[in-house]
Every structure is written in structure tokens, then in C-alpha cells.
Amino acid sequence: MRRAREAAEWWAALDRRERRVRLLNVKGSLTRNLNRMAELIHNETGKPLQDAQLETVMAITHLDWAARNADKVLGPRTVFPGMIAINQKCVLEYQPLGVVGVIGPWNYPIFTPMGSIAYALAAGNAVVFKPSEFTPGVGVLLAELVAAVIPEQPVLQVVTGLGETGAALASSPGVDKIAFTGSARTAKKVMAACARNLTPIVAECGGKDACIVDADADLDAAADAALWGAMSNAGQTCIGVERIYVVDAAYDAFLAKLTEKARDLRPGFDREAAYGPITMPAQLDVIERHIKDALDKGGRAVVGGPESVRKPYVEPVVLTDVPDDSAAVCEETFGPTITVHRVKDLEEALEKANRTGYGLAGTIFSRDRGRAMELARRMRSGMTSINAFAAFATVAALPFGGVGESGFGRIHGADGLREFARPKAITRQRFALPTNLTSFTRTEKDMARVLQLVTFFHGRHYKR
């Protein structure tokens, strides 16, 4: 950790414009090595090459945004002091934390951790990155690309290993903040390790995201987006669609379109495959259990079924009439399965969508802009996309994160930059006031004048 601390001090001491240029050059290097990175992601996760390329493109756009906007977001600015402290010059600065530990996932091994790495580096921190044990090569290659552009100090270091390595990183007194992505269960263990040193943490955990389809929705677009949201990356997406609530008037037509599209999908490792294998072998048992539990409780499989689990692949599974208390509805499945539910109206759809401890993201399809916006605001989630799937993830300026069991804190955007900086308030007295309220020389007459002013400025009653 000593080398990381030295790198952090050197990196923080650089002029902000110099950091910007160097990070933009890292972006350029990653772009020139895009296919090399995508091939590695394809080989380590099994996801289709085009999906790996798209993931890398998204990582590049986030790195670009963080580098270009860090100075504007985190640069020092003056703050109006108010009447009571009118003699004070007020400055707000954002200072680097020091060393940020990033514990990344395997399902999106470059895009997801880049949401922390890029913003932490842009904020002036050094980063120690622990990639998933399923995708260590991605982390190693990324560190190589950064080191080639920034050879003076290892501002991005990579440590590989199993869970013990992540635990050691989280509990290290040399780490100033942890950015974690993974399950809520593991997040609690990481938080316990961080607590030993009161190390702050931003945690992005799992989800059980819902898609709501209004009666007037474009059903072809809704079915296409819902299918991609549920099945892409073999369903191994924290913001993936796992539950669909369709208003009664559109239910039959929507389900017909969805099932027709789902039957054409095929998993595999070749270029023609729609998605790849289940990366974690243990997840296959979870997926199979959820399917069987849904059917045992009266649900129907309109596409696929228990026989769809053909290790290491799972063919598309679409379930209907699944009770609300089944595992397929209540627990994160993290596989290419989806439950479709008929509801009488949007209020019932929203109530059922929000009936979960998770709160990561959601999707709404409706032609009524006002109705869709109202639903989006009321949906229990950190992000909601209307008439598209997960569009917010492609917008680097928007914050990303959840509520409840889906975690806390934010990456991406201005909030993501501030997540990896320490606000520092500085006041400088420009001139002395006639009355010094913070002195033992203060008199009753002084205080009476102040109270009179406060009553004048703040004591009035405002009408609605």
C-alpha cells in the first residue's frame, strides 16, 4: 500500500489540467486496444464479442466524461456567506481522498469498475483495483494500458485473488474509500471489513428490476427492450429486467410478441449466439430452483422450462401466472428468465414493482409522457428509463446507484466525481464587523441589534 500512497500524493499534486490530458490519453489507449480488451472479456466471461465491444465503448465514454468534467465539478468556487457572515470570503474546494480501493464484478468487468476507477482517478486519487477472480485478465490489461501512458507512478494498481484479497483490501488502513459492486450479502461483509478503520464505502448491489407496460405502449418496442433487458449477458445484469407488469388491455398482445422473440434466441460461445454461458457455476442451481419453484406454485412456462438449464448455458425462459411470493418474483435470479404479470392498471403495476427490498433500476413503456414521468418518479429505484432499456447507463453525466438492498452512494456523473472527493470549506475574514458575536466582549446591546436584524429578515409570514 506504500506505493499506492506515494502514487496518490504524486497524482494529487499534478495540475488538474495535466491529470485531464493524461486521462484522455488513457482513454485513447483503451480505444486503440478496444478489440483486444473485448476479446479478453469474451474469453473470460463467454459473452458475445459484440456485447464485449459495446461494454468497452461504454467504459471509454465514461472515462472521457470524467476526465473532461472533473475540473468543472470539483474545482474551487466561492459561496455567498449570507448576511450574518457578510464579512467572510467563502471558498468550497474538493480534495482527493488518497487511495481508493475498487472491488469489481465479473458480469461487466470493464464497464462497471470503470464507473469508479475513472471518476476516482479524475478526482485526483490513486486506485487499487481488485477484479473478480473470474475476470482477472481484464484488470491486468487495464493496468498495463494505464501504466504505458502514466509511467511515473502506478496510479492504477491491480491485485488479483479470491475473496480473501478483497477482504484484505477493504480492511487495509491504507485505503481511504472502497467502491464495491456485487451481491448485498457480500456487501455486508465488505462493510464489516471497512468498519474496522471507519473506511467509507459506496456499494452497488443487486436488483430485481421491473418493467411496466402501459395499455397504450408501443408493444413491439416494449417487447424488444424487455427481452434484451432480461436475456442479454445471459441475464447476468444487475439492472436487468426480471419482472414485467403489463396492463390487462395490452397483456395478451405483449406476451405474444415477447414469446415469439424469445423463442428465436440461442445461447452459445460462437458468433451467432445471442448470449453466452452462466459465468458462475453455482448460479445455475439458483436459476433452476427459481424456475421449478415458480412452476410448483402454479406458474406456467410459455417459453422454456427446467429443461432449459443445459450447463453451462440456460436457454430463454418466460414464466407467467407466477405467484408474487415465489422465488422467481422475490429473489434476484441473475439468469435469462423473466416473469410476466397481468395487472388491472398502472397503480397495481407500480405497487407490485415496488414490492421488493431492492431498488436499483426500472423501465416504463407508455406513450403518455406525463403518466410515464409520474410513474418513473414514484418507482422505488435509483434510475428509471422510459421507452428504452437502461438508457441512463449510457449517459455518463447521470448518477448510477440504488436504494435499499441495492446499495447506496453514487457513481457516474458529477455525483460520482464528488463521491471520490472530500469537500473542504474555507472562510477568510475580509474585514471586521462592528459587533463580534463570537467574543466575550459581546454586550446585551450588540445581541439586541442582531436579534432585531434576524427578526426583520427572517420573521415574516409567507402566504401560499
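The values are calculated or read from the model by the stated rules, or taken from the named source; none is laboratory data. Computed from a predicted model, the values in this text were never measured in an experiment. Neighbour counts run over all protein chains shown; Cβ positions are idealised from the backbone, glycine included. Please note that ligands, DNA and RNA were not included when accessible areas were found on the heavy atoms of the full protein model with its side chains. Shrake-Rupley method; radii C 1.70, N 1.55, O 1.52, S 1.80 Å.
With respect to the numbered conditions (1) in contact (Cβ under 8 Å) with a residue 40 or more places away in the chain; (2) open to solvent by less than 10 Å² (accessible area, probe 1.4 Å), which one is the sole condition not fulfilled by residue 255? Residue 255 satisfies all of (1) in contact (Cβ under 8 Å) with a residue 40 or more places away in the chain; (2) open to solvent by less than 10 Å² (accessible area, probe 1.4 Å) except (2).
Screening the range 1-74 for helices (runs of 4 or more DSSP H) wholly inside it with 3 or more residues that are open to solvent by less than 70 Å² (accessible area, probe 1.4 Å), closer than 21 Å to residue 136 by Cβ and at pLDDT 95 or above returns the ranges 16-32, 34-45, 49-74.
Beta carbons closer than 7 Å, at least 6 apart along the sequence or on distinct chains, pair a first residue in the range 337-353 that is touching a residue at least 40 places away in the same chain (Cβ under 8 Å) with a second that is aromatic (Phe, Trp, Tyr) and buried (at least 17 other Cβ atoms within 10 Å of the Cβ) for 341/245; 342/251; 343/245; 349/245; 352/245; 353/245. Of all residues in the range 77-94, those that are more than 22 Å from residue 436 (Cα to Cα) have Cβ atoms under 8 Å from Cβ atoms of residues that are among the basic types (Lys, Arg) and in a strand (DSSP E or B), 6 or more apart or on another chain, in 78/89; 92/77; 92/424; 93/424; 94/422; 94/424.
Are any residues in the range 233-270 among the charged types (D, E, K, R) and part of a helix (DSSP H, G or I), and if so, which ones?
Listed by number, the residues that qualify are 248, 252, 257, 260, 261.
Which one is farthest from residue 94 (Cα to Cα), of the residues in the range 50-76 that are in contact with a Ser or Thr (Cβ under 8 Å, 6 or more places away or on another chain) and hydrophobic (A, V, I, L, M, F, W, C)? Top of the filtered list is 52. Can you give me the number of residues within the range 305-314 that are under 16 Å from residue 286 (Cβ atoms) and open to solvent by 10 Å² or more (accessible area, probe 1.4 Å)? The total comes to 6. Checked against (1) open to solvent by less than 10 Å² (accessible area, probe 1.4 Å); (2) part of a strand (DSSP E or B), residue 302 passes all but condition (1). Looking only at the range 218-247, count every residue that is open to solvent by less than 10 Å² (accessible area, probe 1.4 Å) and farther than 23 Å from residue 277 by Cβ and tell me the total. Residues that pass the stated criteria total 6. So, in the range 377-395, of the ones that are more than 18 Å from residue 228 (Cβ to Cβ) and in contact (Cβ under 8 Å) with a residue 12 or more places away in the chain, which residue ends up surrounded by the most Cβ atoms within 10 Å (Cβ to Cβ)? Applying the filter and picking the extreme gives 381. For the range 413-435, state whether one or more residues are part of a loop (DSSP other than H, G, I, E, B), among the aromatic types (Phe, Trp, Tyr) and out of contact with any Gly (no Cβ under 7 Å at 6 or more places or on another chain). There is at least one residue in the range 413-435 that is part of a loop (DSSP other than H, G, I, E, B), among the aromatic types (Phe, Trp, Tyr) and out of contact with any Gly (no Cβ under 7 Å at 6 or more places or on another chain). Test residue 353 against the criterion of being within 21 Å of residue 237 (Cβ to Cβ), crowded, with 24+ Cβ neighbours inside 10 Å, in contact with a helix residue (DSSP H, G or I) (Cβ under 8 Å, 6 or more places away or on another chain) and not basic (Lys, Arg), and give yes or no. No: the conditions fail for residue 353. When the residues of the range 188-217 are filtered to those that are of a type in the set (Asp, Glu) and closer than 19 Å to residue 360 by Cα, the one that is surrounded by the most Cβ atoms within 10 Å (Cβ to Cβ) is 209.
For the range 403-436, the set of residues classified as more than 30 Å from residue 121 (Cβ to Cβ), touching an Asp or Glu at 6+ places or on another chain (Cβ under 9 Å) and surrounded by 11 or more Cβ atoms within 10 Å (Cβ to Cβ) consists of 435, 436, listed by residue number.
Any residue at all in the range 217-226 that is modelled with pLDDT under 95, under 23 Å from residue 358 (Cβ atoms) and not acidic (Asp, Glu)? No; the residues of the range 217-226 include none that is modelled with pLDDT under 95, under 23 Å from residue 358 (Cβ atoms) and not acidic (Asp, Glu). The listed residues are 230, 222, and the only one of them that is part of a helix (DSSP H, G or I) and more than 15 Å from residue 328 (Cα to Cα) turns out to be 222. Residue count for the range 94-152 under the criterion of being of a type in the set (Phe, Trp, Tyr), assigned to a loop (DSSP other than H, G, I, E, B) and surrounded by 24 or more Cβ atoms within 10 Å (Cβ to Cβ): the result is 1. Is it the case that some residue within the range 174-184 is assigned to a loop (DSSP other than H, G, I, E, B), loosely packed, with under 15 Cβ neighbours inside 10 Å and at pLDDT 95 or above? Looking for residues that are assigned to a loop (DSSP other than H, G, I, E, B), loosely packed, with under 15 Cβ neighbours inside 10 Å and at pLDDT 95 or above, one finds none in the range 174-184, hence no. When the range 75-84 is limited to residues that are exposed (fewer than 14 other Cβ atoms within 10 Å of the Cβ) and outside any strand (DSSP E or B), the one that is nearest to the chain's Cα centre (by Cα) turns out to be 75.
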